[in-house]
Amino acid sequence: MPEYKVWYFNVKALGEPLRFLLSYGGLPFEDIRVTREEWPALKPSMPMGQMPILEVDGKRVHQSLAMCRYLAKQVGLVGADAWEDLQIDTVVDTVNDFRLKVAIVAYEPDDVVKEKKLITLNNEVIPFYLSKLNVIAKENNDHLALGRATWADVYFAGILDYLNYLTKKDLLSDYEHLRNVVTGVLGNENVAAYIRKRPITEV
């Protein structure tokens, strides 16, 4: 079995889908949580100078979705063919589009501009994306693709706390089927075991 390491800060954010996928599949991994003080010295040694990083048998790679897709193959959460993989990818890319739209507003430095963007985000962007994804979940037996568990479910569950943090709300309060997607992932005994032992962090 390969030796896996996840390098990231001591937060959930973009690292948590990787940790969830490894845990879901019962793959042991070293959860390396880099402090802000350690990062400047480590940064030059990282591909593209960024994290999260997945290390497999000493080889380091970057790009969150590519790493998740690789791990999904290792733990059997991909499609049976190229068309099924496309169904999963379209949902994951949609969730990631949503994350980016949320993040652009959350990290807007100008308070006046941010207030205006928040109105559009809360009244249009969030309801649009979540209502569409909720319908997809309803049509797929409370999963996000193929009517069964795939890495789209695990990615969404892994990134949700970060999205809630950025928006300062419980995003799924009005979306029953998306809540069921997350509940299904968190109900996996390996994911539940990881959550019990992970460090408590704000995000």
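The values are calculated or read from the model by the stated rules, or taken from the named source; none is laboratory data. This is a predicted model, so every value here is computed, not measured. Here the Cβ positions follow ideal geometry from the backbone for every residue, glycine too, while neighbour counts run over all protein chains shown. The area values use the complete protein model at the heavy-atom level, side chains included, leaving out ligands, DNA and RNA. Shrake-Rupley method; radii C 1.70, N 1.55, O 1.52, S 1.80 Å.
Quickly run through segment 133-146 and pick out the residues that are buried (at least 18 other Cβ atoms within 10 Å of the Cβ) and in a loop (DSSP other than H, G, I, E, B). N140, D142, H143, L144, A145, L146, listed by residue number. For segment 10-35, the set of residues classified as surrounded by fewer than 21 Cβ atoms within 10 Å (Cβ to Cβ) and assigned to a loop (DSSP other than H, G, I, E, B) consists of N10, V11, G25, G26, L27, P28, T35, listed by residue number. Entry remark, segment 136-148: residues being at negative phi, in contact (Cβ under 8 Å) with a residue 40 or more places away in the chain and out of contact with any His (no Cβ under 6 Å at 6 or more places or on another chain) number 4 in total.
Yes/no per residue for (1) over 29 Å from R69 (Cβ atoms); (2) buried (at least 16 other Cβ atoms within 10 Å of the Cβ); (3) in contact with an Asp or Glu (Cβ under 7 Å, 6 or more places away or on another chain):
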{"site": "D89", "(1), (2), (3)": "no, yes, no"}
{"site": "I104", "(1), (2), (3)": "no, no, no"}
{"site": "D111", "(1), (2), (3)": "yes, no, no"}
{"site": "K117", "(1), (2), (3)": "yes, yes, yes"}
{"site": "S131", "(1), (2), (3)": "no, no, no"}
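Exactly one residue among P2, P40, P47 is over 25 Å from G187 (Cα atoms) and in contact with a His (Cβ under 6 Å, 6 or more places away or on another chain), and that residue is P47. The residues of segment 36-72 that are part of a strand (DSSP E or B) and surrounded by fewer than 16 Cβ atoms within 10 Å (Cβ to Cβ), listed by number, are K59, R60, V61. Scanning segment 151-162 turns up at least one residue that is within 18 Å of E16 (Cα to Cα), open to solvent by 50 Å² or more (accessible area, probe 1.4 Å), under 15 Å from the mean Cα position of the chain (by Cα) and in contact (Cβ under 8 Å) with a residue 60 or more places away in the chain.
Taking segment 74-87 as the range and being surrounded by 14 or more Cβ atoms within 10 Å (Cβ to Cβ) and not in a helix (DSSP H, G or I) as the test, the residues that pass are V75, L77, V78, G79.
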